[in-house]
1. Confirm whether L241 is under 20 Å from G366 (Cβ atoms), of a type outside the set (D, E, K, R), in contact with a Gly (Cβ under 6 Å, 6 or more places away or on another chain) and not assigned by TED's automatic domain parsing to the domain that holds P408.
2. Considering only segment 127-152, how many residues are among the hydrophobic types (A, V, I, L, M, F, W, C) and either assigned by TED's automatic domain parsing to the domain that holds L409 or in contact with an Asp or Glu (Cβ under 8 Å, 6 or more places away or on another chain) (or both)?
3. Is one or more of the residues making up segment 327-338 of a type in the set (V, I, T), touching a residue at least 40 places away in the same chain (Cβ under 8 Å) and buried (at least 21 other Cβ atoms within 10 Å of the Cβ)?
4. Which ones in segment 78-103 are without any contact (Cβ under 8 Å) to a residue 40 or more places away in the chain, loosely packed, with under 14 Cβ neighbours inside 10 Å and of a type in the set (A, V, I, L, M, F, W, C)?
5. With a cut-off of at least 1 residues that are outside the structural domain of S183 (by TED's automatic domain parsing) and closer than 30 Å to P219 by Cα, name the helices (runs of 4 or more DSSP H) lying wholly within segment 366-475.
6. If you take the residues of segment 365-403 that are charged (D, E, K, R) and over 18 Å from R463 (Cα atoms), which of them is surrounded by the fewest Cβ atoms within 10 Å (Cβ to Cβ)?
7. Condition first: small (G, A, S) and closer than 30 Å to L46 by Cβ. Now tell me which residues in segment 80-97 satisfy that.
8. Sort out which residues of segment 265-309 are under 30 Å from D80 (Cα atoms), in contact with an Asp or Glu (Cβ under 7 Å, 6 or more places away or on another chain) and among the charged types (D, E, K, R), and write them in order of number.
Amino acid sequence: MTIALERPDLAAALAGDNPWTTELPAAVRPARRGPVTHPHAPGLDLVGAHARVPLATGGTAEYANLDHGASAPALRVVRDTVDELLERYASVHRGAGWHSKVCTSLYEGSREPIRSFVGGRADDAVIFTRHTTDSFNLLAHCLPARTTVVVFETEHHAALLPWSAERAPGRDRRVVRLPAPDSPAHAVALVDQALRRRAPGPALLVITGASNVTGEVWPVAELARVARSRGARTALDAAQLAPHRPFSITDLGVDYVALSGHKLYAPYGTGALIGRADWLAAAPPYLIGGGATASVRDDATDYKPLPDRHEAGSPNVPGTVALATACHVLATADREALAQAETALTETLRRGLAGIPGVTVHSLFGDRADSIGVATFTIAGQKPAVVAAALSAEHGIGVRDGAFCAHPLVRKLLGAAGCADAENGQALRASVGLGTTTEHVQRLVQAVESIAERGPRLRYVVRDGRPVPAVDGRELPIIAPWQR
């Protein structure tokens, strides 16, 4: 499907069952600035691309956003579609007004492009959530009694923590936390052993598609095959995988997928849980309130079937449409060309960092493992938080420091590498995305090399818990009216 350049008539979308069968706009109104197309991402222009940021050393630099793994900027088509929607924003489902009908059509129609994006089955439920964390908490709420949950200690906290027995009183839930594997084959063996030895009852394997710490791609299809052979279901954390690689629930053989819009170039506060309906339909509502209720009487309350059952309250219509738009546009892009460009950037990033004396790039499976565009590293003798501050203040580069909501994994990696103060689990992470250019990566490598050799140029002090330049004339921009 091509992407139309002319302004769409959203009202015309009501003529069909699914508004996403019409062509989406590349710009629904004249752009605020000229379009910016990145060399390796034609048609996937980003809001804020080529923005310049002030340096504490004086002057400005084009912002090198190497923190896509935390949150990605909005696609221009996503922003423009949301702007057009807001011209017609109204309540959904029960409103009789024309704008309500438009919004209801778009909201309900958003399920299909999201289901299609992940290769979902026709009968898979699509439940709108806030983000991946919310999705897994919803799934945990819906697990049958006596379910055994098998999860690696290497998972993001969103996938590691929601399953604890104390969150399901009376359901006799069991959680088996597996140690970090040293290879994909080892991961498969650990899962097979854990599921073979589990107690009777339902079982769920929770796995990541790609690590948010190392970027390494996990053997999802093989892990799901082993789970099926042992009578278990599989839930896939696709928060990091989805923006970088196409995949299919059907081909992988998984039962549930969770993802977040803010990592998929749709940072408007919506995520989704996609998967088999039976456990979700049998559970009581995740939230109790309007929208989930079919009938409320003095002596009883009846609840709606899926998907309304778990979507109580006024939904985030702009966020849902934003997520569906991003899924639709990415699905119709040349994903192979994007993957090839990302692979080249990732190789430049990893090889450049690994070649710097004193720098360690961390991994579970080794240097040859398949990886998305993420690299976590440490510099001997340098505190990650200070390095991150220096990269920003002196070089205009944004990276992440800390433990990346994966504390057990980061401690494991740093300990295995013999890093000082490994127990505190602090490192640096650079992550690429659609807005990343070769210059951004090369600038990071050069800046890290300089810091590893001579340290930051400026002196840093801790203010409000974070290192900042001791002398810094930069002022944050005034954006919100309440700041004035």
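1. On the way: under 20 Å from G366 (Cβ atoms): yes; of a type outside the set (D, E, K, R): yes; in contact with a Gly (Cβ under 6 Å, 6 or more places away or on another chain): yes; not assigned by TED's automatic domain parsing to the domain that holds P408: yes.
For L241, the condition - under 20 Å from G366 (Cβ atoms), of a type outside the set (D, E, K, R), in contact with a Gly (Cβ under 6 Å, 6 or more places away or on another chain) and not assigned by TED's automatic domain parsing to the domain that holds P408 - is met.
2. Initially, segment 127-152 is screened for residues among the hydrophobic types (A, V, I, L, M, F, W, C), giving 127-128, 136, 138-140, 142-143, 145, 149-152.
Checking which are either assigned by TED's automatic domain parsing to the domain that holds L409 or in contact with an Asp or Glu (Cβ under 8 Å, 6 or more places away or on another chain) (or both) leaves us with 127-128, 136, 145.
Counting residues in segment 127-152 that are among the hydrophobic types (A, V, I, L, M, F, W, C) and either assigned by TED's automatic domain parsing to the domain that holds L409 or in contact with an Asp or Glu (Cβ under 8 Å, 6 or more places away or on another chain) (or both) gives 4.
3. Of all residues in segment 327-338, those of a type in the set (V, I, T) come to 329, 332.
From what is left, the residues that are touching a residue at least 40 places away in the same chain (Cβ under 8 Å) are 329, 332.
Applying the additional criterion that residues be buried (at least 21 other Cβ atoms within 10 Å of the Cβ) yields 329.
Yes, segment 327-338 contains at least one residue that is of a type in the set (V, I, T), touching a residue at least 40 places away in the same chain (Cβ under 8 Å) and buried (at least 21 other Cβ atoms within 10 Å of the Cβ).
4. Within segment 78-103, just A96 meets the criteria.
5. Values: elements: 384-395, 407-416, 438-454.
Of the helices (runs of 4 or more DSSP H) lying wholly inside segment 366-475, those with at least 1 residues that are outside the structural domain of S183 (by TED's automatic domain parsing) and closer than 30 Å to P219 by Cα span 407-416, 438-454.
6. Going through segment 365-403, the residues charged (D, E, K, R) turn out to be 367-368, 370, 383, 394, 400-401.
Filter once more, keeping what is over 18 Å from R463 (Cα atoms): 367-368, 370.
Details: D367: 10, R368: 7, D370: 14.
Filtering segment 365-403 for residues that are charged (D, E, K, R) and over 18 Å from R463 (Cα atoms), the one surrounded by the fewest Cβ atoms within 10 Å (Cβ to Cβ) comes out as R368.
7. If we filter segment 80-97 for residues that are small (G, A, S), which is where we start, we get 90-91, 95-97.
A90, the sole residue that qualifies.
8. none
The values are calculated or read from the model by the stated rules, or taken from the named source; none is laboratory data. Note that the coordinates shown come from a computational prediction; the quantities given were computed from them, not determined experimentally. Reconstructed Cβ throughout: ideal geometry from the backbone, glycine too, with neighbour counts over all protein chains shown.
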